[in-house]
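Read through the structure below, which is laid out as structure tokens, and then see the notes.
The values are calculated or read from the model by the stated rules, or taken from the named source; none is laboratory data. Just so it is clear, the structure is predicted and the values come from calculations on it, not from any experiment. Glycine gets a Cβ as well: all are built from the backbone with ideal geometry, and neighbour counts include every protein chain shown. Accessible surface is based on the protein model in full, side chains and every heavy atom, while ligands, DNA and RNA are left aside. Shrake-Rupley method; radii C 1.70, N 1.55, O 1.52, S 1.80 Å.
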Amino acid sequence: MVLTALIIGLRPGETFGLTWAAVDLEARTLTVQQALKRLPGGGFTLGPPKVGGYRTVRLPERTLAALKAHRTRQSKERLAAQPVA
């Protein structure tokens, strides 16, 4: 995720607000649609990005490859964590 954030210029809150729903591996795009925000009294919430923050960016090949590898790892970890029936 750090690689993705650095290469395509995401703000920290936008990076922490990313979900797989925002990533289109086929179209090679990532849509910034939410950001993690600190609440005044403490804690965090997801909300819209800063004004003008909604955008769709084209993913460079290196970033696309890193995201595909991350998704594969994540899927394997989820399968390994499931209880055996």
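Under 21 Å Cα to Cα from LYS37, which lysines show up? Leave out anything in the same chain fewer than 8 places away.
Within reach: LYS50.
Rounded to the nearest 10 Å², what accessible area does VAL51 show when all protein chains are kept and the probe is 1.4 Å?
150 Å²
Whose amide H sits under 5 Å from the amide H of LEU59, counting only residues 5 or more places off or on another chain, with H placed in the peptide plane?
Residues meeting the criterion, in which the H sits 1.01 Å from N, are THR29, LEU30.
For the stretch 1-66, what is the accessible area per residue in Å² when the probe is 1.4 Å? Walk me through the numbers on the way to the answer.
On the way: 4190 Å² over 66 residues.
With all protein chains present, the stretch 1-66 gives 63 Å² per residue.
Using the Cα gyration tensor of the chain, with a ≥ b ≥ c the square roots of its eigenvalues, what is the shape: rounded (a/c below 1.5), prolate (a/b larger than b/c) or oblate (neither)? Can you show the working numbers first?
Values: a/c = 2.37, a/b = 1.22, b/c = 1.94.
Verdict is oblate for the chain.
Taking θ = phi - 60°, what integer Hz values does the Karplus form 6.51 cos²θ - 1.76 cosθ + 1.60 yield along the stretch 32-45, in sequence order, with x for Gly and Pro?
So the J values, rounded to whole Hz, are 7, 10, 7, 9, 7, 10, 7, 7, x, x, x, x, 9, 8.
What residue among THR29, GLY42, GLY52 has its Cα farthest toward the positive end of the dipole of the stretch 17-64, where the charges are +1 on Lys, Arg and -1 on Asp, Glu, each on the Cβ?
Of the listed residues, the answer is GLY42.
How large is ³J(HN,Hα) for each residue in the stretch 60-75, as worked out from phi by the Karplus curve 6.51 cos²θ - 1.76 cosθ + 1.60 (θ = phi - 60°), to whole Hz, x for Gly and Pro?
x, 3, 4, 5, 4, 4, 5, 5, 4, 5, 5, 5, 4, 4, 4, 5
Please tell me the relative contact order of the chain in percent, rounded to the nearest whole number, where contacts are Cα pairs under 8 Å and at least six residues apart. All intermediate terms of the calculation are to be shown ahead of the outcome.
Numbers: 88 pairs, mean separation 21.6, N = 85.
Dividing the mean separation by the residue count of the chain yields 25 percent.
Computing the accessible area with a 1.4 Å probe over protein heavy atoms, can you report the carbon and sulfur percentage for the stretch 1-58?
Values: 2300 of 3760 Å².
The C+S portion of the solvent-accessible surface of the stretch 1-58 is 61 percent.
Would you kindly state how much longer the chain becomes between ALA27 and GLU77 on full extension, computed as 0.36 nm times their sequence separation minus their alpha carbon distance, in nm to one decimal? Before the final figure, lay out each step's value.
Numbers: separation 50, 0.36 × 50 = 18.00 nm, distance 2.56 nm.
Gain in length upon complete extension: 15.4 nm.
Quick one: Karplus J couplings for the stretch 2-9, per residue in order, coefficients 6.51, -1.76, 1.60, θ = phi - 60°, nearest Hz, x for Gly and Pro?
Working through the residues one at a time gives 4, 4, 4, 4, 5, 5, 9, x Hz.
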